[in-house]
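*Asks:* Can you read through this structure? Questions will come right after.
The values are calculated or read from the model by the stated rules, or taken from the named source; none is laboratory data. Here the structure is a predicted model, which means the values were calculated and not measured. For neighbour counting, all protein chains shown are included, and Cβ atoms are generated from backbone atoms with ideal geometry for every residue, glycine included.
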Amino acid sequence: MGLNLKNIPNHWELKKLRDVSKFSNGKGHEQTIDENGQYIVVNSKFISTDGQVSKFSNQNLSPLSFGDITLVMSDIPNGKAIAKCFIIDKDNKYTLNQRICSIQSNKDCNNKFLYYVINRNRYFLAFDNGVSQTNLRRDEVLDCPIPLPPLTEQNKIADILSIIDDKIAIIDQQINHTRELKKGLMQCLLTKGIGHTDFKDSSLGMIPQNWEVVEVGDTGNIVSGGTPKTENLDYWDGEINWITPTDVTALKGKRFVYSTKRKITELGLTNSAANLLPENSLIICTRATIGDCVINKTKISTNQGFKSIIPNVNFDVVFLYYSILNIKSKLLQLSSGSTFLELSTKAFKKIEILSPSIEEQKKIGVILSSVDEKIDVLVEKKLNYQELKQGLMQQLLTGKIRVKV
């Protein structure tokens, strides 16, 4: 959190973290890692994923207590973990790893208020030079400036921000639940269809009697991409959308792409291996983030990191989108390469998928799209709360907005 500390209220104090807390370092847990261990190791991955990715230890080498604030002290250049914090929610459950520190607030400082002040504080981020690994030292951590209102005001500010965090946590639960629902529906609808009672054996297992097994190459025209020469300025900054795997990652699971960060000219398209795809093609990553895919809602070209399907009249692009997502692990298994994994055009075309009638494909696509639309609404709602929280933090933690106590 970046705070402007120049004009804090007169009765607030400007302290350093060392004045309001106790600092502790963690310990290495390499020898005690145990998937059946009872203690969660608070390491960089655990904190950076908000506790979603965990390792376990069979010993509590560096105990943590309820209310302790843990902070990441090391990260790669331009990393997103440095100075990210996690607040401990239970005694005798967590053990602190090396290069993570624990901050215990003293009696004059509300621990949640302190958490909101120091979490990804701009003071810490300034130590990242963008070139070498960032390693915060103890004294550097403890020199962090802390704008400190009276304890009653700290309590009130922490309560307000905690209410928003609670709202965000509820939305996260709803998103996770809906994603699990989608996963189950995909597995069911894409293998058993809608309302079938007669099934037959196939190379992909038991399938509805009137379904067929087809190869991806049978679903439409398979098109690759390319990159115009970057040194030729006449090829770039035109009006033709040109998508890369980075653009797909930035969509964060959204189904449709309308525009891209970089664009090429007609000259660039003509003088490269890039191809212009019609609207409603299916664009599949076959390098790097293999299996991620999007549907383009405008004409678009791609770089060489994709194989795209221009569906024929027998296939619905939305159905194909979910079918490819459902076999993402198979695409990864078929990929090869020493420098980076890549799925060849030949291997991609030979992958088998199931083919219902076009009418049933569209019905399945509508059902799964409705679930994705619900996820989109929840993600947008979460984003709105996060923006509200960010704005309130900037105002409340500097005293620009005062709370009644």
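*Asks:* Check segment 305-313 and report whether any residue there is touching a Ser or Thr at 6+ places or on another chain (Cβ under 8 Å), without any contact (Cβ under 8 Å) to a residue 60 or more places away in the chain, over 29 Å from ILE367 (Cα atoms) and not in a strand (DSSP E or B). Please lay out each step first, then the result.
*Replies:* We begin by selecting, within segment 305-313, every residue touching a Ser or Thr at 6+ places or on another chain (Cβ under 8 Å); these are 305-312.
Those left that are additionally without any contact (Cβ under 8 Å) to a residue 60 or more places away in the chain: none.
Checked segment 305-313: no residue is touching a Ser or Thr at 6+ places or on another chain (Cβ under 8 Å), without any contact (Cβ under 8 Å) to a residue 60 or more places away in the chain, over 29 Å from ILE367 (Cα atoms) and not in a strand (DSSP E or B).
*Asks:* Select from segment 44-95 the residues that are under 18 Å from the mean Cα position of the chain (by Cα), among the β-branched types (Val, Ile, Thr) and either crowded, with 17+ Cβ neighbours inside 10 Å or not assigned by TED's automatic domain parsing to the domain that holds GLY28 (or both) and list them in ascending order.
*Replies:* ILE47, ILE82
*Asks:* Can you pull out every residue in segment 113-136 that is surrounded by fewer than 20 Cβ atoms within 10 Å (Cβ to Cβ), in contact (Cβ under 8 Å) with a residue 40 or more places away in the chain and more than 23 Å from the chain's Cα centre (by Cα)?
*Replies:* PHE127, ASN129, VAL131, SER132, ASN135
*Asks:* Which fully enclosed strands (runs of 3 or more DSSP E) of segment 1-80 have 3 or more residues being over 24 Å from ASN135 (Cβ atoms)?
*Replies:* Values: elements: 13-16, 21-25, 39-42, 55-57, 69-72.
Passing ranges, in order: 13-16.
*Asks:* Would you be able to say whether some residue in segment 356-374 is among the hydroxyl-bearing types (Ser, Thr, Tyr) and over 24 Å from LYS254 (Cα atoms)?
*Replies:* Applying the first criterion (among the hydroxyl-bearing types (Ser, Thr, Tyr)) to segment 356-374 yields 357, 369-370.
Keeping just the survivors that are over 24 Å from LYS254 (Cα atoms) gives 357.
The answer is yes, given that some residue of segment 356-374 is among the hydroxyl-bearing types (Ser, Thr, Tyr) and over 24 Å from LYS254 (Cα atoms).
*Asks:* Which of the residues that make up segment 66-114 are more than 17 Å from PHE56 (Cβ to Cβ) and basic (Lys, Arg)?
*Replies:* LYS80, LYS84, ARG99, LYS107, LYS112
*Asks:* Is it the case, given these coordinates, that SER323 is among the small types (Gly, Ala, Ser), at pLDDT 95 or above, closer than 26 Å to GLY184 by Cα and touching a Leu at 6+ places or on another chain (Cβ under 8 Å)?
*Replies:* Details: among the small types (Gly, Ala, Ser): yes; at pLDDT 95 or above: yes; closer than 26 Å to GLY184 by Cα: yes; touching a Leu at 6+ places or on another chain (Cβ under 8 Å): yes.
Yes, satisfied.
*Asks:* Could you figure out which of (1) under 24 Å from the mean Cα position of the chain (by Cα); (2) hydroxyl-bearing (Ser, Thr, Tyr); (3) modelled with pLDDT under 95 isn't true of THR339?
*Replies:* Result: THR339 fails condition (1) only.
*Asks:* Let me ask something else. Taking interchain pairs and intrachain pairs at least six residues apart, which have beta carbon atoms under 7 angstrom, with the first residue in segment 335-350 and farther than 8 Å from THR286 by Cα and touching a residue at least 12 places away in the same chain (Cβ under 8 Å) and the second of a type in the set (Lys, Arg) and surrounded by 15 or more Cβ atoms within 10 Å (Cβ to Cβ)?
*Replies:* Partner pairs satisfying both residue conditions: PHE340/ARG287; THR345/LYS307; PHE348/LYS307.
*Asks:* Does SER338 satisfy the criteria of being surrounded by fewer than 15 Cβ atoms within 10 Å (Cβ to Cβ) and either of a type in the set (A, V, I, L, M, F, W, C) or farther than 20 Å from GLY225 by Cα (or both)? Outline the logic, then answer.
*Replies:* Working: surrounded by fewer than 15 Cβ atoms within 10 Å (Cβ to Cβ): yes; either of a type in the set (A, V, I, L, M, F, W, C) or farther than 20 Å from GLY225 by Cα (or both): yes.
In short, yes.
*Asks:* While we're here: Taking segment 116-139, which residues are part of a loop (DSSP other than H, G, I, E, B) and under 20 Å from LEU396 (Cα atoms)? Give the steps one after another, and end with the answer.
*Replies:* Of segment 116-139, the ones part of a loop (DSSP other than H, G, I, E, B) are 119-121, 126-133, 136-137.
Hits for segment 116-139 are ASN119, ARG120, ASN121.
Here's the yes/no breakdown for (1) assigned to a helix (DSSP H, G or I); (2) buried (at least 19 other Cβ atoms within 10 Å of the Cβ):
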position	(1), (2)
SER301	no, yes
PHE315	no, yes
VAL371	yes, no
ILE401	no, no
VAL405	no, no
